[in-house]
Amino acid sequence: LLVTDRGLASMAITKTALDILEDAGLGRALFADVDPNPNEKNLEAGVKAFKDGGHDGVVAFGGGSGLDLGKCVAFMAGQSRPVWDFEDIGDWWTRASVEGIAPIVAVPTTAGTGSEVGRASVITNSATHVKKIIFHPKFLPGVVIADPELTVGMPKVITAGTGMDAFAHCLEAYSSPFYHPMSAGIALEGMRLVKEFLPHAYREGTDLEARANMMSAAAMGAVAFQKGLGAIHALSHPIGAVYN
């Protein structure tokens, strides 16, 4: 099952991805009922599509919303508890049935969230308008395909916004007081890549070197932030959940 967001569903890159899956004998199935801030209603619909289609894995395709929901669909398809029981609190992740977690292939089409290399998904509670981080080590996709050609069609405003997201991850991770020198080193290099290549990607969207380096910076930000995040995310989560 290819999971993406509504905006990408009708685009050429998504059609091409579905063609590749079909040609490889993996079927042609799409779920795109995904809001910009995915919620538990999107998740329930995705899990139903996964089960109804008899699927055995997920290709999470898109920006943060498509990636986060795709990962969560693969996770929740084999669980009996509600999703909120797996919030990133203490050892709640140990409640999950590991056998029920479907394989995940992540294919980012933006260079920002780094969700393709993350062990969590952010799901908004539509009743309380609170963003929850759902965590399990198996959220980490087994395969990531980071192809800069998939990002050349990003409008300038999305290129800039997602690029600054990658920078914020690196900046906050580096500034976090926790001791993790490997994360700190990755964060520094991620910031350097954004500083050097985001202006090029913004001005010339077809510059594949710039796009590739921004994809690297996004992945590096998400690797680095295991060291911790900060005020930017503490503010952005409630603002995003309340105002979408």
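The values are calculated or read from the model by the stated rules, or taken from the named source; none is laboratory data. Nothing here was measured: the structure is a model prediction, and the numbers come from that model. In this analysis, Cβ positions are derived from the backbone assuming ideal geometry, glycine residues included, and neighbour counts consider all displayed protein chains. In case anyone asks, the SASA skips ligands and DNA or RNA and just uses the protein heavy atoms, side chains included. Shrake-Rupley method; radii C 1.70, N 1.55, O 1.52, S 1.80 Å.
Over all pairs of distinct alpha carbons, what does the Kirkwood formula give as the hydrodynamic radius of region 109-173, in Å? Kirkwood radius, region 109-173: 13.6 Å.
Every helix of 4 or more DSSP H residues in the chain counts as -39500 (n - 2.57), and over all residues that averages to -15500 deg cm²/dmol at 222 nm. Of M164, M182, the residue with the largest accessible area leads and the full order is M182, M164 (1.4 Å probe). Taking every alpha-carbon pair under 8 Å whose residues sit at least 6 apart, region 2-145 reaches a relative contact order of 24 percent. Solvent-accessible area per residue in region 152-243 equals 53 Å², computed with a 1.4 angstrom probe and all protein chains kept. Kirkwood radius and radius of gyration were both taken over the C-alpha atoms of region 2-145, and their ratio Rg/Rh is 0.94. Our summary gives the chain a relative contact order of 18 percent, counting only alpha carbon pairs under 8 angstrom and 6 or more residues apart. Taking every DSSP beta bridge that has both ends in the chain, the antiparallel portion is near 35%.
Volume of the convex hull of the chain (Cα atoms only), normalised per residue: 120 Å³. With only the Cα atoms considered, region 152-243 has a convex hull volume of 85 Å³ per residue. Of H233, H169, H55, the residue with the largest accessible area leads and the full order is H55, H233, H169 (1.4 Å probe). Using a probe of 1.4 angstrom and keeping all protein chains present, the accessible surface of region 9-106 works out to 48 square angstrom per residue.
Region 195-234 has equivalent-ellipsoid semi-axes of 25, 11, 6 Å, by the square roots of 5 times the alpha carbon gyration tensor eigenvalues, sorted largest first. Treating region 75-159 as a set of equal point scatterers at the Cα positions, no solvent, please give the Debye-formula log₁₀ I(q)/I(0) at q = 0.12, 0.14, 0.16 Å⁻¹. So the normalised log intensities are -0.44, -0.59, -0.73.
What residue among A32, A219, A45 has the largest mean-square fluctuation in a Gaussian network model of the chain, using Cα springs under 10 Å? Maximum fluctuation in the GNM of the chain, among the listed residues, is at A45. What is the percent carbon and sulfur in the accessible area of region 123-244, measuring with a 1.4 Å probe over the protein chains and ignoring ligands? Answer for region 123-244 is 66 percent, counting heavy atoms of protein chains only. Calculate the FRET efficiency for E44 and S236 from the Cβ-Cβ distance with a Förster distance of 30 Å, rounded to the nearest 0.05. With R0 = 30 Å, the Cβ-Cβ based efficiency is 0.75. Annotation for region 174-213: chymotrypsin sites (Phe, Trp or Tyr not before Pro) lying in DSSP loop with at most 11 further Cβ atoms inside 10 Å of their Cβ are F178, Y179. On the beta carbon distance between L208 and V157, with R0 = 22 Å, the FRET formula returns roughly 0.60.
Between T94 and N244, the FRET efficiency from the beta-carbon distance, with R0 = 35 Å, is close to 0.60.
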